[in-house]
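Worksheet: the structure to be examined is printed underneath.
The values are calculated or read from the model by the stated rules, or taken from the named source; none is laboratory data. Not measured: the values here are computed from a predicted model. Methodologically, a virtual Cβ is constructed for each residue, glycine included, from the backbone with ideal geometry; neighbour enumeration extends over all protein chains shown.
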Amino acid sequence: MKLTTLDYIIIAAFFVVSISIGLIASRRAGKSFSEYFLAGGKMPWWMLGLSMVATTFAADTPNFVANVVRTQGVSGNWMWWSFLLTGLLTVFVYARLWKRSGVLTDLEFYEIRYSGRPAGFLRGFRAIYLGVVFNCLVMANVTLAGIKLGGILLGWSPLQTVLLAGTVTVAYTLMGGLRGVILTDCFQFVLAMVGAIAAAVVVCDLPEVGGFANLLVHENVAGKLSLLPDFSDTNALIPLLVIPLAVQWWSSWYPGSEPGGGGYVAQRMLGARSELDATTATLLFQVAHYAIRPWPWIIVAFASLVVFPDLQSISEAFPNIDPKIVKDDLAYPAMLTFLPSGLLGIVIASLMAAFMSTISTQLNWGSSYIAHDFYRRFVAPDASEKTLVTVGRVSTVGLMVIAGLVALTLESAMDGFSILLQIGAGTGLIYILRWFWWRINAFTEIAGMVVSFVVAMFFRFGYPMLGWERPEDWQQLLIGVFVTTIAWLLVTYLSPVTDLVVLKDFYRRIRPGGSGWRPIRDALAEEGAELDSGESITAGIRAMVAATFMTYALLFGTGYLLYGQWASFAVSLFVAIAGGITLVRCWPSLKISHS
């Protein structure tokens, strides 16, 4: 495959636009920490929503979906579709709480919710643990996808891809801060969707495929179409549907789908100009992420099963690719080699956009932790705003270097996903309950974090060292959730409670509802404090359920429309409309502030 002059012009134009946006945003970015890392807290909902969607449209996402479809069928995507429940819980319960908190990063939350040295330790440790270790693992997974794309589409070596793509991304991230990242994300998301849809249309018309109708009845594809696993096959049903919907979504911490909100999603909510903007931005993100975006990738994965039915066929077609990275996730970039001139340039630019939007967000978010929650909190409390921005920029470069080095050691997009899920197993419930149960304390989170990590490392390294057969991934998840949850519950009841003054201040600021704060509410009432009724948790849950049915129905309806299954499409459309109407009726009861 050879790129033409037209392809190179399109790719060059993409880089010019991206860098130009960074330059424009740089005029304001360096003024203060808030400007650089939160865009001044004045961003509108639609920009924030598109930015979150662009961030989760990583270069590794199409590869990951292709891997899942090829090995487990469409129903295998429930391992990440289940996180819609987490996301909608954030939309209708936690988004306005985060905005109301007034913190500059979600880690600052620890010292308004907990007290003493444990709170400070937790904030500082997680600044490094999440901002560097977890963050670099996520970026390494995305960079691995970039390596595979660069190797197949451009003939680049892994080192060339890491150096070239990383340098450009770091450059505009350094200049524009979060505002530059968000503005660039909006442009890049549109380009990424155009490229994904165009690629799906073209591969269906390949002679080997013979059109979309023929694709659906091909022997390699027909058994992969179902949106739900076979209910009579418990070996598939349990890991693909039961565990994700019953356990995984609330129990596991995963970047972008943190129970209770957090990470770069919290950063976007904190950058919103109002509670309403924070809520609607995250709703737009969830609907677009799950209902709109997956199908172009799934279609390309179907076509790959016809053109490249197994790994050997991929290896034979691309003999110069390192054999150790020839996995099913390589099928997606392999299919793109069939695109015509011009469109190939657009698709390559769109995949570069997907890569850059994710990496730039992770860099800006991770460096905010290092600058604010580690450097200012523990090293230089009196650091000026400009110094903090400088520390953030230096950290940005360092994070990219570490992520690039780690990426050179990975082999498959599934590797990082499985590792992250297991490390976070059992901690999710803490992040959900800490807003609504006063007894959760800093020791709770420390215990959950440590135990879940130890269990994950034991499964990954202890089992092979002892010569034991490692359990299935879903079994590891269940064991990790059980052990971790028991551990942090015991620690919660055995450890000292959070200082009462801190708990009272937190309640006044956040106004959480439910019975979990009754002792604190009663203590404030005895002091004569004027208290409102707090958040309506039940109203938020009702809205969440309605939006869940609406979004899943849109996801299923799109699939049934493509499959030509008209009765199922009609049912899905009815459910989507009913869910939307119910959500509109629930909205006033949420009492979301416009300021």
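Structure notes:
- Residues of the range 188-205 that are touching a Gly at 6+ places or on another chain (Cβ under 9 Å) and assigned to a helix (DSSP H, G or I): Cys204 alone.
- Scanning the range 497-538 for residues that are without any contact (Cβ under 8 Å) to a residue 60 or more places away in the chain, surrounded by 15 or more Cβ atoms within 10 Å (Cβ to Cβ) and under 28 Å from the mean Cα position of the chain (by Cα) yields a single hit, Ser536.
- Applying a threshold of 8 Å to beta carbon distances and a minimum spacing of six or more residues, or different chains, the list of pairs starting in the range 104-132 at a residue that is closer than 17 Å to Tyr431 by Cα and ending at one that is in a loop (DSSP other than H, G, I, E, B) and aromatic (Phe, Trp, Tyr) reads Leu122/Tyr114.
- Whenever a residue of the range 145-160 is closer than 15 Å to Thr409 by Cβ, its partners that are of a type in the set (S, T, N, Q), lying with C-beta atoms within less than 6 angstrom and at least six residues away or across chains, give the pairs Ala145/Asn63; Gly146/Thr161; Ile147/Thr161.
- The residue that is farthest from Phe15 (Cα to Cα), counting only those in the range 356-395 that are in a loop (DSSP other than H, G, I, E, B) and among the aliphatic types (A, V, I, L, M), is Ala380.
- The single condition from (1) closer than 30 Å to Thr484 by Cα; (2) in contact with a helix residue (DSSP H, G or I) (Cβ under 8 Å, 6 or more places away or on another chain) that Asn235 fails is (2).
- Some residue of the range 396-414 being of a type in the set (A, V, I, L, M, F, W, C), more than 27 Å from Ile147 (Cβ to Cβ), modelled with pLDDT of 90 or more and part of a helix (DSSP H, G or I): no
- Those residues of the range 85-104 which are surrounded by fewer than 22 Cβ atoms within 10 Å (Cβ to Cβ) and hydroxyl-bearing (Ser, Thr, Tyr), in sequence order: Ser101
- Single match in Gly150, Gly155 (criterion: buried (at least 20 other Cβ atoms within 10 Å of the Cβ) and modelled with pLDDT under 80): Gly150
- All of (1) within 26 Å of Trp587 (Cβ to Cβ); (2) part of a helix (DSSP H, G or I); (3) out of contact with any Pro (no Cβ under 9 Å at 6 or more places or on another chain) hold for Met335 with one exception: (1).
- Condition check for Phe461: touching a helix residue (DSSP H, G or I) at 6+ places or on another chain (Cβ under 9 Å) and aromatic (Phe, Trp, Tyr): no
The rows are residues; the columns are (1) farther than 29 Å from Arg434 by Cα; (2) not acidic (Asp, Glu).
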| site | (1), (2) |
| --- | --- |
| Gly514 | no, yes |
| Glu526 | no, no |
| Leu531 | no, yes |
| Leu562 | yes, yes |
| Ser568 | yes, yes |
| Ser572 | yes, yes |
| Leu583 | no, yes |
| Cys586 | no, yes |
| His594 | no, yes |
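- Odd one out for Gln475, checked against (1) of a type in the set (S, T, N, Q); (2) free of Cβ contacts under 8 Å to residues at least 40 places away in the same chain; (3) crowded, with 17+ Cβ neighbours inside 10 Å: (3)
- Residues in the range 196-221 that are out of contact with any Leu (no Cβ under 7 Å at 6 or more places or on another chain) and of a type in the set (Gly, Ala, Ser) were compared, and the one that is surrounded by the fewest Cβ atoms within 10 Å (Cβ to Cβ) is Ala213.
- Scanning the range 268-283 for residues that are surrounded by fewer than 20 Cβ atoms within 10 Å (Cβ to Cβ) and either assigned to a helix (DSSP H, G or I) or small (Gly, Ala, Ser) (or both) yields Ser274, Leu276.
- Long-range neighbours under 9 Å by Cβ, at least six apart or interchain, first residue over 18 Å from Tyr254 (Cα atoms) and touching a residue at least 24 places away in the same chain (Cβ under 8 Å) within the range 66-83, second surrounded by fewer than 22 Cβ atoms within 10 Å (Cβ to Cβ) and among the acidic types (Asp, Glu): Ser75/Asp230
- The listed residues are Val584, Val571, and the only one of them that is assigned to a helix (DSSP H, G or I), over 28 Å from the mean Cα position of the chain (by Cα) and farther than 30 Å from Asp505 by Cα turns out to be Val571.
- Counted as qualifying within the range 1-71 are no helices (runs of 4 or more DSSP H), as none has 3 or more residues that are surrounded by fewer than 24 Cβ atoms within 10 Å (Cβ to Cβ) and in contact with a Pro (Cβ under 9 Å, 6 or more places away or on another chain).
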